[in-house]
Each structure stands twice: as C-alpha cells, then as structure tokens.
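Student: Right, I'll just put the structure down here and ask away after.
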Amino acid sequence: MSQQVITRRITAPEIKSRKGATPIVALTSYHATTARIADEHADILLVGDSLGMVLYAMDSTLGVTLDMMIMHGKAVVRGSKKAMVVVDMPFGSYEESPEAAFRSASRVMQETGCGAVKLEGGVQMAGTIRFLTQRGIPVMAHIGLTPQSINTLGGFKTQGRDTALWPLIKADAQAVSEAGAFSVVIEGVVEPLAAEISREIAIPTIGIGGSRECDGQILVLEDMLGYNPKPPRFVKVYGAVGDAIDQAVKAYADDVRSRQFPGDENVYPLK
C-alpha cells in the first residue's frame, strides 16, 4: 500500500538556523497562482505590502490595509505547501503600541495560517518585536530602506551612503536581533554596510539591494519576471513574462477581430 507523502512547512527556527549556511531563497507572492509555482523553489514566500504598488497601482505602500494583507495572505497559504509564508504588517497596524501590534499580528496569524509576520523598524520597534515573540508570534524584521517611512526618509533613497550614519543602521540590526526576530530584511543599503551587518549579527539577513554576503535574498516576483519596465538597480530580470503576456493578449485580440477564434475545436457542436 502506498504511503501518503506529508509535506511540512519550513518554520521560523529552521530559517534562523540557516545563519551562515545554505543561502535562503525568498520571493514575494500575492496570490495562490504564483504561490503554487514559487513554493517549489523558495524557502520563504513573503506576502509583502508591496502588493499595494504591484497589484493596486498605489504610489506607495501606505494605503494598504490589514484586511488586504489578510485576504492575500490566505490565498498564498492556500496555494503553497512547503515554504514558510510571512505576511507584512501594513502601516498603522503595529506602530501605536506593542499591544496594538499583538492584536493585529494575532489576527493575521489566526486568519491566514501564516508562519510569521514582518514589520519595519529597528531600535524603535525592538520592544514591539520582543513583546510579540514572547507571546508566540515569530517576527521577521526590516531595516534600512523601510518603504512605510518614505515620508520621513524623503523617498526611496539608498541608505548608508553617508558612513557617519552606519552606526545607527547597525544599531537597528543589533536591536532587532537581540529582541528576538528570527531574521531581518536589509533593504536598499550600500553593499559594504549590508555585508558588515550580516557578519556581525546573530540572525539571518535577507538582502534586497544589499549584499551577496547576506544569508539570503528576496525579490519582488513580478520584478524578476520582467513585468516592471523600469526595475530598480538591485533587480536581476530572470524572465520576460511581461512581454510574453503582451504577445499572447495581442494574438488573442487579433484572432477575435479576424473571427479566427473561437475555432471549431473551441465550440460545442450539436450532437
């Protein structure tokens, strides 16, 4: 009798144990279709609040709501089996207090079935990270270029170009590590600084516009598949899916207008 193969998801402790070992593969995913495909290859699927810009044409991530994150988180969890699913905490859902963050994060965990949440901020959010992790909620931190803070950062600007600011960014990394985060995303930070942080802190670093010395890498799936006509510098485009979709839609439109679709094989004859 054949035995059923049980697929077990990767957990936060397993990701944490990968520090300095095999690099961690992470990708964003916003719905079940991409989750099914990426799950075969990725260790982490991040339901990022970047969905506001990628899927909803928002100018920033600030308009994304908790309900939106939960809805997309549910879809990604349903569409995947192996990868750890991490759901972003959107702007305004966790900054007020550790208690408010716990209410939001526990709702995300309960309603989506995800394995962890992610929140932005370093030293100022360390207390919240500690509060959550002590209450059973695994937290992925996020430092450097934090998109929810673009109004105070002055836009999507690379962090660490001024070496005088390196101690502040390093302090953010150390604070989230000591607070109990199981990993930290380092975004938009100059390469030497990202490399130093990766060597100095005890938890895995996940780079996006960081360094190859990070313990893992993450990209927005749509960017690396070529949907974005002007991807950021840190993106390597691995496919031309955007062009393929354009060509397929054009071919469909041409067939409809020339009455070549539907063909005899696409309609139901009278028996």
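The values are calculated or read from the model by the stated rules, or taken from the named source; none is laboratory data. In this text the structure is predicted, and so the values were computed from the model without any measurement. Note that each Cβ is placed from the backbone with ideal geometry, even for glycine, and that neighbours are counted across all protein chains shown. Ligands, DNA and RNA are excluded from the accessible area calculation, which covers all protein heavy atoms including side chains. Shrake-Rupley method; radii C 1.70, N 1.55, O 1.52, S 1.80 Å.
Student: From the cross-link list Lys19/Lys230; Lys118/Lys170; Lys81/Lys250, which pairs have alpha carbons spaced over 30 Å apart?
Tutor: The pairs that break the limit, which is 30 Å between Cα atoms, are Lys19/Lys230; Lys81/Lys250.
Student: Can you give the charge dipole size of segment 187-261 about its Cα centre, rounded to the nearest 20 debye, using +1 on the beta carbon of Lys and Arg and -1 on the beta carbon of Asp and Glu?
Tutor: 360 debye
Student: Kirkwood hydrodynamic radius (Cα pairs, Å) of segment 25-100?
Tutor: Its Kirkwood hydrodynamic radius stands at 12.6 Å.
Student: Can you spot the aspartates and glutamates whose alpha carbon is less than 17 Å from Lys236's alpha carbon? Ignore those fewer than 8 places along the same chain.
Tutor: List returned: Glu187, Glu191, Glu213, Glu222, Asp223.
Student: Here is a follow-up. Determine the per residue accessible area of the chain with all protein chains present and a 1.4 angstrom probe, expressed in square angstrom.
Tutor: Per-residue value: 54 Å².
Student: With the Cα gyration tensor of segment 1-130 in hand, convert its eigenvalues to equivalent ellipsoid semi-axes via √(5λ) and list them largest first in whole Å.
Tutor: Semi-axis lengths for segment 1-130 are 25, 18, 14 Å.
Student: Please provide three numbers in whole Å: the alpha-carbon extents of segment 220-271 along the principal axes, with the largest listed first.
Tutor: For segment 220-271, the Cα spread along each principal axis is 57, 22, 11 Å.
Student: Give me the log10 of I(q) over I(0) for segment 139-262 at q = 0.11, 0.18 Å⁻¹, as the Debye formula computes it from C-alpha points; what are the numbers?
Tutor: Log10 I(q)/I(0), no solvent term: -0.48, -0.93.
Student: Where in segment 62-163 are there chymotrypsin sites (Phe, Trp or Tyr not before Pro) that are in a DSSP coil and have at most 15 other Cβ atoms within 10 angstrom of their Cβ?
Tutor: Phe156
Student: Projected onto the charge dipole of the chain (+1 at Lys/Arg Cβ, -1 at Asp/Glu Cβ, origin at the Cα centre), which of Val235, Val267, Ala202 gives the Cα projection farthest towards the positive end?
Tutor: Val267
Student: Hey, can you rank 202-208, 169-175, 51-57 by average C-beta count inside 10 Å, highest first?
Tutor: Values: 202-208: 24.6, 169-175: 20.7, 51-57: 16.6.
Ranked from most to least packed, the peptides come out as 202-208, 169-175, 51-57.
Student: Take Leu153, Leu132, Leu165 and sort them by solvent-accessible surface of the protein heavy atoms, 1.4 Å probe, largest at the top.
Tutor: My answer, sorted largest first, is Leu165, Leu153, Leu132.
Student: For segment 1-99, which trypsin sites (Lys or Arg not before Pro) are both in a DSSP coil and crowded by at most 13 other Cβ atoms within 10 Å? The partial results should precede the final answer.
Tutor: Working: sites: Arg8, Arg9, Lys16, Arg18, Lys19, Arg36, Lys74, Arg78, Lys81, Lys82; in loops: Arg8, Arg9, Arg18, Lys19, Lys81, Lys82.
Those that pass, being in a loop and sparsely packed, are Arg8.
Student: Here's a follow-up. Take the alpha carbon atoms of the chain, find their radius of gyration, then divide it by 2.2 N^0.38 Å using N residues; give the quotient. Write out the running numbers ahead of the final one.
Tutor: Values: Rg = 20.6 Å, N = 271, 2.2 N^0.38 = 18.5 Å.
So the Cα radius of gyration is 1.11 times the expected 2.2 N^0.38 Å.
Student: Right, another one. Show which lysines lie in cross-link reach of Lys82 when reach means a straight Cα distance below 16 angstrom and same-chain residues fewer than eight apart are skipped.
Tutor: Lys74
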